[in-house]
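A.B. asks: Okay, here's the structure, questions in a sec.
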Amino acid sequence: MAKARLGQAEIEAAGLEAQLLAAHVLLVDRPWLIAHGDEPFPELAGEAILAARLSGKPLAYILGWREFYGRRFSVRPGVLIPRQETEVLVETALSLLDSTATVLDLGTGSGCIAISLKLERTEWEVVASDISPEALEVARENARELGANVEFVESDLFSNLNGEFDAIVTNPPYIGFDEPLKGEVALFEPAAALYSGPTGMEFYERLSRDAWGVLRHGGVLMMEVGYRQAEPVKGVFATLGWAVQEPVLDLSGVARVMVCTKSRDDSLAIFLDPSRVETLNQRYTIHNRGNANRRS
């Protein structure tokens, strides 16, 4: 019944969501639920949870977590829900940076990017910042739960950050005020983490000016960008003298991550070998072809 009602509400993956909601009510994991499908189910509690989802409340806020890069991250209202496409930003940093680096995750939200990087590269020094105290509280909880030694700083962009970094990674707010969003995103997720301003480019414009003084010479700036934003973002950074690489594509073939170096000469980028971007895109292209073959 839950699957049917979710399907009627045009919720994608209605069957999967019905199972996750049921597992949440029963305080079990999904594999246990599948193996014990004949167990009694508390209908009253289930109805309340289902009603919350049908009202548009995001599944991650109901469950209290979202999986990201193979790990479970706690989330709650007031904190942006991690997205699968943001894993491309993590993969880009892991592929392009050297074995030792000082990395800043700007606008960390739940901490999913910073924590994933630190757990994958324990030798890196990782700092994570956010303007939201609520987000930082959740990020710290996730770091403790997952055992990641990340330094967290409350800061509006770079205002409270000291020193220089070898690399900056960021999934910034990049939605324009007039851009349409799914109701459950627009109504429930924090506006400050979604909207950049009237055009959606405001954060990138500010970042292009201010990040130069925070990166070491030859350092790397990696940014998630929205659909059709790669070229405008490239123009903003190139105009101010950044060396801009070809964008990294996500699994749908969309330009998802822009990579810039603090150097007016690509050969001076101390951490970035431009051929690695090409290799990364080739990897995603092969993955996309495999998916297309499986769908056909």
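The values are calculated or read from the model by the stated rules, or taken from the named source; none is laboratory data. Computed from a predicted structure; not experimentally measured. All Cβ positions, glycine included, derive from the backbone under ideal geometry; neighbour counts span all protein chains shown.
A.B. asks: Can you work out which of the residues in the stretch 189-234 that are buried (at least 21 other Cβ atoms within 10 Å of the Cβ) and acidic (Asp, Glu) is modelled with the highest pLDDT?
C.D. replies: Glu224
Rundown of residues vs (1) within 29 Å of Ala22 (Cβ to Cβ); (2) touching a helix residue (DSSP H, G or I) at 6+ places or on another chain (Cβ under 7 Å), yes/no style:
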| residue | (1), (2) |
| --- | --- |
| Ala51 | yes, no |
| Gln84 | yes, no |
| Val90 | no, yes |
| Ser95 | no, yes |
| Gly111 | yes, yes |
| Glu120 | no, yes |
| Glu123 | no, no |
| Glu137 | no, no |
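A.B. asks: Need the failing condition index for Glu184 against (1) assigned to a strand (DSSP E or B); (2) out of contact with any Asp or Glu (no Cβ under 7 Å at 6 or more places or on another chain), just the number.
C.D. replies: (1)
A.B. asks: Pairs please, first residue from the stretch 235-247 and of a type in the set (S, T, N, Q), second anywhere and assigned to a helix (DSSP H, G or I) and surrounded by 13 or more Cβ atoms within 10 Å (Cβ to Cβ), Cβ atoms under 6 Å, 6+ apart in sequence or on different chains.
C.D. replies: Pairs found: Gln245/Val277.
A.B. asks: Can you say whether Leu96 is modelled with pLDDT of 95 or more, in contact with a strand residue (DSSP E or B) (Cβ under 9 Å, 6 or more places away or on another chain) and in the same structural domain as Val150 (by TED's automatic domain parsing), as far as the supplied structure shows?
C.D. replies: no
A.B. asks: Residue by residue through the stretch 125-161, note down the ones that are polar (S, T, N, Q), exposed (fewer than 14 other Cβ atoms within 10 Å of the Cβ) and farther than 15 Å from Val103 by Cβ.
C.D. replies: Scanning the stretch 125-161 gives Ser159, Asn160.
A.B. asks: Further question on the same structure: Which pairs turn up if I take residues in the stretch 105-124 that are on the phi > 0 side of the Ramachandran plot and look for partners that are among the acidic types (Asp, Glu) with beta carbon separation below 9 Å, at least 6 apart in sequence or on another chain?
C.D. replies: Gly107/Asp130; Gly109/Asp130; Gly111/Asp105; Gly111/Asp130; Gly111/Glu141
A.B. asks: Does Glu164 fit the bill of being at pLDDT below 95 and at negative phi?
C.D. replies: In short, yes.
Results for (1) assigned to a loop (DSSP other than H, G, I, E, B); (2) in contact with a strand residue (DSSP E or B) (Cβ under 9 Å, 6 or more places away or on another chain), shown as yes or no for each residue.
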| position | (1), (2) |
| --- | --- |
| Met222 | no, yes |
| Arg228 | yes, yes |
| Glu231 | no, yes |
| Glu246 | yes, yes |
| Ser252 | yes, no |
| Arg256 | no, yes |
| Val259 | no, yes |
| Ser263 | yes, yes |
